[in-house]
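Notes follow the structure.
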Amino acid sequence: MMKKWKHWLLPTVLLLSLGLAACSNGEPEEEAESTDTAQTDNETTDDNMEQEPDEPATGEDEEETNNDEHIEHQLGLSIGDTATVVSSPDDLTYEVTINEVSYRDELENVTLYDDTFVLVDVTVENVDDKTFDAADIFTPAIGELDSEEYVPAVDSEYLQNTSEITMVEGELAPGDSVEGTFVFDAMQVEQYNLAFGHAGDQITTRAEWEFNSDEIQ
């Protein structure tokens with residue numbers, strides 16, 4: 001009887017031991033598998049964050065910013081100063097420099113109706129991004145300082161046969177410049193105001209130069 005009990009007990013103990021060992025071995029494997037899965041998910045999230053940088057500004061955005069830039073009117077300038085003018089409605093942008101101003105009592109093939117001819121030598125530079133004809137810039141006018149009376153420059157049509165006058169004309173590509181002379185049939189006064197667009201004109205950006213008669217050659 002004792003031998004039979006021993007024979008039964010030994011297999012039972014072995015089975016219990018194997019069962020406990022199996023349970024003990026299974027739990028760490030499940031935890032390890034869960035930890036590996038969480039680590040993989042975190043790595044995937046980090047990779048996605050690295051692959052999604054901020055989108056850079058496009059060229060269109062930069063162009064819109066440049067086109068929307070506003071240039072203030074420039075007033076009270078002196079002979080020798082340079083100003084930026086923006087004409088309307090074509091929005092031609094160019095720089096104008098007043099080089100010198102002179103009086104003339106007469107001009108070849110041109111009739112004088114007022115006191116004197118006022119000749120204004122200028123340099124015009126195209127600072128736009130498109131080509132245009134220099135003759136298409138805003139026509140300047142001259143008047144007595146602090147008055148509302150201005151006379152426009154003599155039309156180029158009347159100066160075609162005047163050899164001593166160089167016209168402001170010709171095609172200007174971006175960066176190109178031209179030097180020429182505007183002629184005014186005007187009164188002789190103590191102080192002048194030369195305006196590329198004044199307060200009453202429809203012009204996007206205007207410029208005005210002030211000078212005394214003793215500055216005129």
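Every read-out reported here was derived from the displayed coordinates using simple, explicitly stated rules and does not represent laboratory data. Here the structure is a predicted model, which is why all the values come from computation and not from measurement. Every residue, glycine among them, receives a Cβ derived from its backbone with ideal geometry; neighbour counts consider all protein chains shown.
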ask   = DSSP loop chymotrypsin sites (Phe, Trp or Tyr not before Pro) in region 73-141 with at most 14 other Cβ atoms within 10 Å of their Cβ, which ones?
value = 113
request  = Subtract the Cα-Cα distance of residue 75 and residue 164 from 0.36 nm times their separation in residues, and report this length gain in nm to one decimal.
outcome  = 29.0 nm
ask   = Picking from 174, 145, 188, whose Cα lies most toward the positive end of the charge dipole for region 110-217 (charges on Cβ: Lys, Arg +1; Asp, Glu -1)?
value = 174
message = What does the extension gain come out to for residue 130 and residue 115, with contour length at 0.36 nm per residue minus their alpha carbon separation?
response = 1.4 nm
ask   = Taking square-rooted eigenvalues a ≥ b ≥ c of the alpha carbon gyration tensor, is region 73-215 rounded, prolate or oblate, where a/c under 1.5 means rounded and, failing that, a/b exceeding b/c means prolate?
value = oblate
key: FRET efficiency, 1/(1 + (r/R0)^6) with R0 22 Å, evaluated for residue 157 and residue 217 via beta carbons   = 0.25
query = Between the DSSP loop rule and a limit of at most 14 other Cβ atoms within 10 Å, which GluC sites (Glu not before Pro) in region 76-125 are left?
reply = 106, 108
ask   = Which distance in Å, rounded to a whole number, links the C-alpha centroids of region 85-133 and region 183-210?
value = 11
